[in-house]
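The values are calculated or read from the model by the stated rules, or taken from the named source; none is laboratory data. Please read these numbers as outputs of a predicted model, since none were measured by experiment. Reconstructed Cβ throughout: ideal geometry from the backbone, glycine too, with neighbour counts over all protein chains shown. Accessible surface areas use protein heavy atoms only, side chains included; no ligands, DNA or RNA. Shrake-Rupley method; radii C 1.70, N 1.55, O 1.52, S 1.80 Å.
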Amino acid sequence: MRNTRTKAVNFYPGLPVKNRPFTLEDIVCGVDEAGRGPLAGPVFAAAVILDPARPIEGLRDSKKLTEARRDELAPLIKAHALAWAIAECSHTEIDTLNILQATMLAMRRAVEQLATVPTIALIDGNRCPQFAPHIRAHAVVEGDDKVHAISAASILAKTARDAALVALHETYPQYAFDQHKGYSTALHLARLREHGPSPVHRRSFAPVRALIEPDLFGEFA
């Protein structure tokens with residue numbers, strides 16, 4: 001006789017029970033960002049509260065998934081999660097605040113936009129944004145590959161940011177944002193040298209600032 005029971009899924013495979021900073025009574029959301037390193041465009045963050053009754057197979061760090069697989073998983077996450085939200089900080093906010101503070105702000109915006117209010121947010125990395133007093137924060141190093149809710153947030157943030165950069169390509173096709181998504185690839189740097197910074201480039205980032213203030217940085221290699 002075939003076993004028809006639902007397969008058990010460990011939502012926190014990298015967090016042993018004794019080390020978990022939450023209880024079964026907590027409402028746990030995972031939080032991650034995408035786009036800290038690029039030279040252009042916004043930084044995105046996502047927050048996800050998964051539904052234990054509707055597990056999603058294949059969740060892991062978005063960087064370890066193909067673009068096609070991320071595009072398959074993103075709508076499943078949105079359909080099956082108890083709550084999810086995506087937020088961003090613009091290139092202007094990044095230049096004003098610095099990239100770390102802009103990332104923390106994008107994470108806070110994502111959590112604040114959740115339709116269900118969490119009691120604890122598990123943050124990928126080693127730093128946490130400040131939330132309202134009723135929401136605890138706990139950093140999980142390499143959490144995007146240890147905690148399924150963080151993996152889900154990683155996927156939503158990454159797919160949303162990639163889509164935003166493809167849209168920017170329509171406005172600024174000379175930079176090929178659809179190919180490198182704003183990262184400092186050889187192609188992107190070559191286009192920067194040829195065309196100079198666009199309105200959506202991050203002027204506080206050295207390769208961009210070097211083109212604006214060459215006397216400060218010397219020749220841009």
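Some points to look at:
- Within region 61-107, being charged (D, E, K, R) and either over 13 Å from the mean Cα position of the chain (by Cα) or within 24 Å of LEU168 (Cβ to Cβ) (or both) holds for LYS63, LYS64, GLU67, ARG69, ARG70, ASP71, GLU72, LYS78, GLU88, GLU93, ASP95.
Matching residues to (1) within 17 Å of GLY37 (Cβ to Cβ); (2) without any contact (Cβ under 8 Å) to a residue 40 or more places away in the chain; (3) in contact with a Phe, Trp or Tyr (Cβ under 9 Å, 6 or more places away or on another chain):
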{"position": "LYS146", "(1), (2), (3)": "no, no, yes"}
{"position": "VAL166", "(1), (2), (3)": "no, yes, yes"}
{"position": "GLN179", "(1), (2), (3)": "yes, yes, no"}
{"position": "GLY182", "(1), (2), (3)": "yes, no, yes"}
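- Residues located in region 155-193, provided they are more than 19 Å from the chain's Cα centre (by Cα), open to solvent by 30 Å² or more (accessible area, probe 1.4 Å) and of a type in the set (Phe, Trp, Tyr): TYR172
- Here the helices (runs of 4 or more DSSP H) wholly within region 120-221 that include at least 2 residues being of a type in the set (Gly, Ala, Ser), over 30 Å from PRO16 (Cβ atoms) and in contact with a helix residue (DSSP H, G or I) (Cβ under 9 Å, 6 or more places away or on another chain) are 148-171, 206-212.
- Test: residue in region 92-111 that is among the basic types (Lys, Arg) and under 19 Å from ILE27 (Cβ atoms): yes
- GLN174 satisfies every condition listed in (1) at pLDDT 95 or above; (2) within 28 Å of ILE123 (Cβ to Cβ); (3) touching an Asp or Glu at 6+ places or on another chain (Cβ under 9 Å) except (2).
- Against the conditions (1) assigned to a strand (DSSP E or B); (2) open to solvent by 20 Å² or more (accessible area, probe 1.4 Å), ALA85 satisfies every one except (2).
- Per the conditions (1) of a type in the set (A, V, I, L, M, F, W, C); (2) touching a residue at least 60 places away in the same chain (Cβ under 8 Å); (3) in contact with a Lys or Arg (Cβ under 6 Å, 6 or more places away or on another chain); (4) over 12 Å from ARG36 (Cα atoms), the sole criterion not satisfied by ILE94 is (4).
Every residue, every condition in (1) touching a strand residue (DSSP E or B) at 6+ places or on another chain (Cβ under 8 Å); (2) in contact (Cβ under 8 Å) with a residue 40 or more places away in the chain; (3) open to solvent by 40 Å² or more (accessible area, probe 1.4 Å), yes or no:
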{"residue": "PRO13", "(1), (2), (3)": "no, yes, yes"}
{"residue": "ALA34", "(1), (2), (3)": "yes, yes, no"}
{"residue": "LEU65", "(1), (2), (3)": "no, yes, no"}
{"residue": "SER90", "(1), (2), (3)": "no, yes, no"}
{"residue": "GLN101", "(1), (2), (3)": "no, no, yes"}
{"residue": "ALA110", "(1), (2), (3)": "yes, yes, no"}
{"residue": "ILE120", "(1), (2), (3)": "yes, yes, no"}
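- Condition check for ILE56: touching a strand residue (DSSP E or B) at 6+ places or on another chain (Cβ under 8 Å), of a type in the set (Val, Ile, Thr) and not in a helix (DSSP H, G or I): no
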